[in-house]
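Undergrad: Can you keep this structure in mind? I'll have questions shortly.
Just so it is clear, none of the values below were taken in a lab; they were calculated from the coordinates. As the structure is a prediction and not an experimental result, all values here were calculated from the model. Note that each Cβ is placed from the backbone with ideal geometry, even for glycine, and that neighbours are counted across all protein chains shown.
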Amino acid sequence: YERGQSIQKSASIDIAKEARAKWFLTGSILQQDPEFILTTQLVDVSTGRVFASHKEIGSPGESIFNVIDRLSSSIREKMLVPNSQISGDDKPVQELTTHSVEAYRHYLQGKEYASQLYIIESAKSFNKALEIDSTIAMAYYYLTFQLSAEELDYLIQKAKQYSDNLPEVDQLLIAAREYGIQGNYM
């Protein structure tokens, strides 16, 4: 997309508006072999116009995590966010999720299914990610919205157990979900 170009309205944009978000980020993996090619579009929620787009090309054999880290840095630069406004450390994506490309792929697929309300498919993807790497805190978190009540406490405790490296916002999501599961609504 070119800067200022409109994109088609979607349910995601509507949700972003409800959440009073200023920006909405979309992205896709265009290619995996021989190198990863990732693209993103940063959308102004109020207008639906693409503010910035970026394509990041990895080197042959380079980890997708390294490509994502470079892409994240580029997105922050394009948003013109001063370093003082970036909360927390700029941790590599591997420290925030998993070192397994396959587990990460299943985790992202689970998030995509969840956003489309494909609950069964989403749960299968998150569970597959956890079979490969049982330390993905946010996979446990997302499963708390999809599995039976008797499993909720176990899942949220696992999410908390592996949340030390997560950004503060994700740690707060897990804490809020725990309070909700326990019936503590204020």
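Undergrad: According to a simple spin-label model (label point 7 Å from Cα along Cα-to-Cβ), what is the distance in nm between GLU151 and SER134?
TA: 1.5
Undergrad: Further question: As a quick test, which of the pairs LYS22/LYS158; LYS128/LYS160; LYS55/LYS158 have an alpha carbon distance above 30 angstrom in this structure?
TA: Values: LYS22/LYS158 32 Å; LYS128/LYS160 19 Å; LYS55/LYS158 35 Å.
Cα-Cα > 30 Å for LYS22/LYS158; LYS55/LYS158; rest within.
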